[in-house]
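FYI, it's all coordinate maths here, none of it is from the lab. These numbers come from a predicted model, not from an experiment. Here the Cβ positions follow ideal geometry from the backbone for every residue, glycine too, while neighbour counts run over all protein chains shown.
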Amino acid sequence: MREALLSDATRLPGETARGIARGLTDYGDPDFSLFIRGAYARGSGLTSEDLARPIIGIAQTWSEFNPCHRHLREIAEAVKRGVLQAGGLPLEFPTISLGEIYLSPTSMLFRNLMAMDTEEMIVSQPMDGVVLLGGCDKTLPAQLMGAASADRPAIVVTAGPMLTGRYEGARLGACTDCRRFWGEYRAGALDTTRLEAVQGELFPSTGTCMVMGTASTMAALTEALGMTVPGMAAVPAPLARRLRLAEAAGRRIVEMVREDLRPSAILTHAAFGNAVRVLMAIGGSTNAVVHLAAIAGRAGVPLDLDDFDRAGRTTPLVANVRPPG
């Protein structure tokens, strides 16, 4: 019976099983575990043909407490299209979502918790590969940390930066201008009516802060590390191109499963060196030093402050990009 349930279609070279047969729940009888798992899958409308495909988890961080991610449901649908096109079976699942502005006392307190959540959900559920959807400041570091520890084929689809707002003819940047206008209000240079008008323009669309803060920095570094499809980092969140890239990521993760291409083969010392150079070139957030070190630690790659110092001395700043004030 086990061989009937666990066919060659569910095996990878060097592994006992993949897909729905991976990491069976312990009921004391593996055959029963596989049987009941198949029954529940059929209860979701899935067929044996569906279950013979590579199973791709989609780690979803959509949350109404995280407005930067409010478009990720649509992004997930684009990823699913790509997975299906490539012959995989996409299954979406939730993880912790860290909305920078809504968390108390600070989102950094929960980064490692999210990393553990992400890792355990990847390892504990029967997926052959995973697509990680996220963008807000601590989300991408947590997801990369979790993916590095789980070491199952993984690719990231970043949320993308929001569009810029405008006030009195000037372009606004969230959230650099949040501080600037609040300072003007406290100094008496801006009245309540004008402050309210500014407040309505600082966050004009879905997506992460569009300035070179932590979210934009980590998106660029995620691409520099080789964990996204090329061109993903800088495309604004509302643009259709992001949907096309998300679809491409869905196709690519199925290929990565078939290639058995894991984070341990991508997150190398050279990849981190590349990311550090990009960080210096774009004048990115200083938080990236903390996050890259944490990701490298999970990947087992040595990375210390001397690496950042050497890159900082030898890397020119990209033209027209300034460090955040």
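How many of the residues making up the stretch 56-91 are within 14 Å of the chain's Cα centre (by Cα) and under 18 Å from ALA154 (Cβ atoms)?
The number of residues fulfilling the criteria is 9.
Are any residues in the stretch 181-235 more than 28 Å from the chain's Cα centre (by Cα) and aliphatic (A, V, I, L, M), and if so, which ones?
Hits for the stretch 181-235 are ALA187, ALA189, LEU190, LEU195, ALA197, VAL198.
Being assigned to a helix (DSSP H, G or I) and acidic (Asp, Glu) is the filter here; which residues of the stretch 118-146 pass it?
GLU119, GLU120
For residues in the stretch 147-183 being among the charged types (D, E, K, R) and in a loop (DSSP other than H, G, I, E, B), which is surrounded by the fewest Cβ atoms within 10 Å (Cβ to Cβ)?
By that ranking, first place goes to GLU168.
What are the pairs, 6+ residues apart or on separate chains, where a residue within the stretch 173-193 that is without any contact (Cβ under 8 Å) to a residue 24 or more places away in the chain has its Cβ under 6 Å from a residue that is surrounded by fewer than 17 Cβ atoms within 10 Å (Cβ to Cβ) and assigned to a helix (DSSP H, G or I)?
Final answer for the pair search is TYR185/LEU195; LEU190/GLU184.
Looking at the stretch 25-52, which of the residues that are assigned to a loop (DSSP other than H, G, I, E, B) and in contact (Cβ under 8 Å) with a residue 40 or more places away in the chain is nearest to MET145 (Cα to Cα)?
Looking at the filtered set, the residue picked out is ALA52.
Looking only at the stretch 254-303, which residues are more than 18 Å from the chain's Cα centre (by Cα) and among the polar types (S, T, N, Q)?
Matches in the stretch 254-303: THR268, ASN274, THR286.
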